[in-house]
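Worksheet: the structure to be examined is printed underneath.
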Amino acid sequence: MIHFVLLIACAVAIYLSCEWFVNAVEWLGERLNVGKMAVGTILAAFGTALPESVVTLVAVTTGATDEAKDIGVGAAMGGPLALSTIAYGVTGAMLMLKRRRERIAAGPGATPAGARTEEALGSPADMKRLAKDQKWFLPIFAVKVALGLVAFAFKPVLGLLFFAAYAVYFWREIRGGDDEDEGPDLEPLKFQPKAASPSTWAVAAQTALTLVVIFFASQLFVKQLDAIGPMLGLSAAVTALLLSPVATELPEIMNAVIWVRQGKTQLALANISGAMMIQATVPSGLGLLFTRWDFDAALLWSGLITMAAIVYLLVTMRGHRLTPARLTVAAGFYVVFALGLIPILA
């Protein structure tokens, strides 16, 4: 019973910390004079992905056996899978719910039933920008999966190329210029709610403190899942491949939910795509440098499903057909992954 109570308590702590974190990181972006979308793709994504990257680093560098180090490989594959399916799916569901509530509040004669939920998520320019992130991610991830299927002497050195790829992406995003404002103005900093322009130290302190809480609450959340899994009759492998990735990506999912609630849809989507770029490069580079980077059937299956989900999203974005309903469909790829995992682990 205590594990279920701690699980709920950790989820609440992560959500509240993320609410304070997105509040701080928007002000941090204003202080650093970066574009609106870079707040999501770089600052927020880096902050929430950093704890997971640290966990991967510890696993691959301190693991006593190859099996222990392979935990880091699983994390490097599970993160992008959860983000490209669950995170986008949850965001789509929240958008559908938000638009439905707006339609009800506007009255029966305001818009035709279902019209708002079928509107595309942004202008053609917005979709082009989001598609560009997916086009960055897909080839990098495909190379990452391909390297898990071959063995050669200098493969570990290729890990450095993944760090270089993220450095180029980082530079592109930071120098991407100003973006159009989206949604409401910045809310007052929670550390200084009465200040029209908060102190830089308060912005930095709120950002750092919320990241610390997110890190420890996320780790405790994962530990509770590890304990609850066997109680539900799930094997350690199923828990590691199905539940743990969702848990480790919970901060990114919470950030997206909060930004959708605030009417900042593009920031929500940018946060997910930015976190995916980190997950495709930094943990992969660490895995290549310090492990065998040798995929089994389960890891290969997770890679194929991730690429299938991204191709689906890329096609809908490039055709300017990405609606909340179609975004929600991304979660179905995770269901396909779970069903396909059954015969693999049997």
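Rounded to the nearest 10 degrees, the angle from helix 200-231 to the longest Cα principal axis of the chain is 50 degrees. The fewest-to-most ranking of V257, V73 by surrounding Cβ atoms within 10 Å reads V257, V73.
For the range 1-49, taking the reciprocal of the average inverse distance between every pair of different Cα atoms yields a Kirkwood hydrodynamic radius of 12.0 Å. Report summary: the helix-based calculation at 222 nm, which adds -39500 (n - 2.57) for every DSSP H run with n ≥ 4 and divides by the residues of the chain, gives -24000 deg cm²/dmol. Of (i) 37, 25, 18; (ii) 31, 23, 22; (iii) 40, 20, 19, which is the value of semi-axes √(5λ) of the Cα gyration tensor in Å derived from the coordinates here? Computing semi-axes √(5λ) of the Cα gyration tensor in Å and matching it to (i) 37, 25, 18; (ii) 31, 23, 22; (iii) 40, 20, 19 gives (ii). For the chain, the longest principal axis of the C-alpha atoms and the axis of helix 159-174 are separated by about 10°. Pairs spanning more than 24 Å between alpha-carbon atoms, out of K132/K155; K132/K223; K98/K135; K36/K98: K132/K155; K132/K223; K98/K135. Counted residue by residue at 0.36 nm each, then reduced by the alpha carbon distance between them, the extension gain from N33 to A153 reaches 38.8 nm.
Less than 5 angstrom separates the built amide H of L322 from those of L121, all sequence-distant by 5 or more or on a different chain. Across the chain, the mean sequence separation of Cα contacts (distance under 8 Å, 6 or more residues apart), normalised by length, yields a relative contact order of 43 percent. For the chain, find the longest principal axis of its Cα atoms and tell me its angle to the long axis of helix 124-147, 0 to 90°, nearest 10. The angle comes out near 10 degrees.
Working ranking of peptides 14-25, 269-280 by packing, defined as the average number of other Cβ atoms within 10 Å per residue, highest first, is 269-280, 14-25.
Every number in this text was worked out from the coordinates using simple rules, so none of it is lab data. Computed from a predicted model, the values in this text were never measured in an experiment. All Cβ positions, glycine included, derive from the backbone under ideal geometry; neighbour counts span all protein chains shown.
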